[in-house]
């Protein structure tokens with residue numbers, strides 16, 4: 001059974017990508033902080049006859065990310081695709097953002113992606129196959145631009 005792990009599943013790219021893989025026969029595991037929203041997403045997919053489940057995690061916590069990927073490997077037999085789309089988005093200029101929010105944002109945006117890559121590599125090396133997708137398309141739809149004069 002092929003599996004697709006979506007870390008940072010939201011209503012845009014995360015859900016659309018998961019749905020596409022589910023339509024191709026993958027069991028998708030939708031993961032993010034919002035349990036209720038994830039359950040709704042999973043219900044939308046299962047309502048269409050697709051295989052989907054929800055898993056709550058904090059992408060900024062490397063232990064959560066590693067545990068999720070290892071759990072999927074143990075339960076489903078493989079981790080074929082890991083999609084990292086988690087992001088802490090904040091509307092502020094870099095000079096206006098205090099360190100107490102900047103560092104946690106980096107933990108999600110960069111640290112979580114690194115944790116996903118490491119955990120995926122560890123599992124996929126033993127399988128001798130797999131793919132890692134790193135995306136973040138929010139700025140393509142709503143760019144944050146700053147003009148200096």
> Residues in segment 124-136 that are surrounded by 13 or more Cβ atoms within 10 Å (Cβ to Cβ) and in a helix (DSSP H, G or I): how many?
Replying inline: 1
> Within segment 18-43, can you find the residues that are part of a helix (DSSP H, G or I), touching a helix residue (DSSP H, G or I) at 6+ places or on another chain (Cβ under 8 Å) and without any contact (Cβ under 8 Å) to a residue 40 or more places away in the chain?
Replying inline: 19, 22, 41
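In segment 44-96, which residue that is part of a loop (DSSP other than H, G, I, E, B), farther than 12 Å from residue 27 by Cα and touching a residue at least 60 places away in the same chain (Cβ under 8 Å) is farthest from the chain's Cα centre (by Cα)?
Just the residues of segment 44-96 that are part of a loop (DSSP other than H, G, I, E, B), to begin with: 47-51, 57-61, 77-80, 85-93.
From the residues that got through so far, the ones that are farther than 12 Å from residue 27 by Cα too are 47-48, 57-61, 85-93.
With the extra rule that they be touching a residue at least 60 places away in the same chain (Cβ under 8 Å), the set shrinks to 85-87.
Details: 85: 4, 86: 5, 87: 9 Å.
The residue in question is 87.
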> When segment 48-72 is examined, which residues are found to be in contact with a strand residue (DSSP E or B) (Cβ under 8 Å, 6 or more places away or on another chain) and over 13 Å from residue 117 (Cα atoms)?
Replying inline: 50, 51, 52, 53, 54, 55, 56, 57, 71, 72
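Residues are listed down the side, and each one gets a yes or a no for (1) surrounded by fewer than 14 Cβ atoms within 10 Å (Cβ to Cβ); (2) modelled with pLDDT of 95 or more:
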site	(1), (2)
33	no, no
51	no, yes
55	no, yes
63	yes, yes
72	no, yes
81	no, yes
92	yes, no
117	no, no
122	no, no
> Of the numbered conditions (1) exposed (fewer than 13 other Cβ atoms within 10 Å of the Cβ); (2) at pLDDT below 90; (3) assigned to a helix (DSSP H, G or I), residue 111 satisfies every one except a single condition; which is it?
Replying inline: (1)
> Would a scan of segment 101-108 turn up a residue that is surrounded by fewer than 21 Cβ atoms within 10 Å (Cβ to Cβ) and closer than 19 Å to residue 133 by Cβ?
Replying inline: yes
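The values are calculated or read from the model by the stated rules, or taken from the named source; none is laboratory data. Everything numeric here is computed off the predicted structure, so don't read it as measured data. With ideal geometry, Cβ positions are generated from the backbone for all residues, glycine too; neighbour counts draw on all protein chains shown.
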